[in-house]
Structure formats: structure tokens, C-alpha cells
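Data block below; observations after.
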Amino acid sequence: MHSTVSKRGQTVVPAELRRKYGIDEGSVLAWVETPQGIRVLPLPADPLKAFRGSGRGLGTVADFLAERQAETAREEETLEPPLRP
């Protein structure tokens, strides 16, 4: 899919993508620059409602804490020791 940018920097989101991602008049799009290029993400009108339930099935709090402890240990291994005066 393609769209053209106007003199004023405006572009059109193709209808198929608007329908698929629920992009309507007044929807907010986030433009995110990444090393691979630009990503355009539709932002939900109600972020709290969109977030609710998104963590279901991802594991328990204990799993999360164990993962964070392992991550912290890996980070500490890669840190250089402090310089001593």
C-alpha cells in the first residue's frame, strides 16, 4: 500500500488499514522513529481501557520477579568494576 505526502505534509491512511485498526476521524497516530525506519501506531482513545486485561496469560508475578532478578544479574555482570582512588 502506498500514499502520497501533500505540500503541507499530509497523507492519507488507506481505507483497508483504517478499517482493520479502527482508525476514525479524530484518531491519534504516533510516529515512532526506529533504526529500521518509521512506524505509525494508532493510539487508543482510552488508554486505560485498552490496557485492561492485556497482561492475562503472561505468567504470574513470581515469574515476572524471577525474570527481573535474572535480568539484573546479567546487567551487573556486564558492568565495569568501579574505579578505586
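The values are calculated or read from the model by the stated rules, or taken from the named source; none is laboratory data. No experiment lies behind these values; they were computed from the predicted model shown. With ideal geometry, Cβ positions are generated from the backbone for all residues, glycine too; neighbour counts draw on all protein chains shown. All accessible areas refer to the heavy atoms of the entire protein, side chains included, with ligands and DNA or RNA removed. Shrake-Rupley method; radii C 1.70, N 1.55, O 1.52, S 1.80 Å.
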Roughly speaking, to the nearest percent, how much of the chain's 1.4 Å accessible area is carbon and sulfur?
-> 56
Comparing 37, 53, 26 in a Gaussian network model of the chain (Cα, 10 Å), the one with the largest mean-square fluctuation is 37
Bin by bin, in steps of 10 Å, what percent of the Cα pairs in the chain do you find, going until the bin that has the longest distance?
-> 12, 25, 24, 19, 16, 4, 1
Per DSSP, the loop-located trypsin sites (Lys or Arg not before Pro) within the stretch 5-67 having at most 15 other beta carbons within 10 Å are 7, 8, 52, 56
If you build a Gaussian network model of the chain, linking Cα atoms that sit under 10 Å apart, which residue out of 71, 16, 25 swings the most?
-> 71
With a probe of 1.4 Å, find how much accessible area the stretch 1-68 has per residue, and write the answer as a whole number in Å².
-> 96
Treating the angle as unsigned and between 0 and 90°, give the value, to the nearest 10°, between the Cα long axis of helix 61-78 and the longest Cα principal axis of the chain.
-> 70
Compute the distance in nm between two label points, each set 7 Å from the Cα along the Cα-to-Cβ direction, one at residue 15 and one at residue 48.
-> 3.7
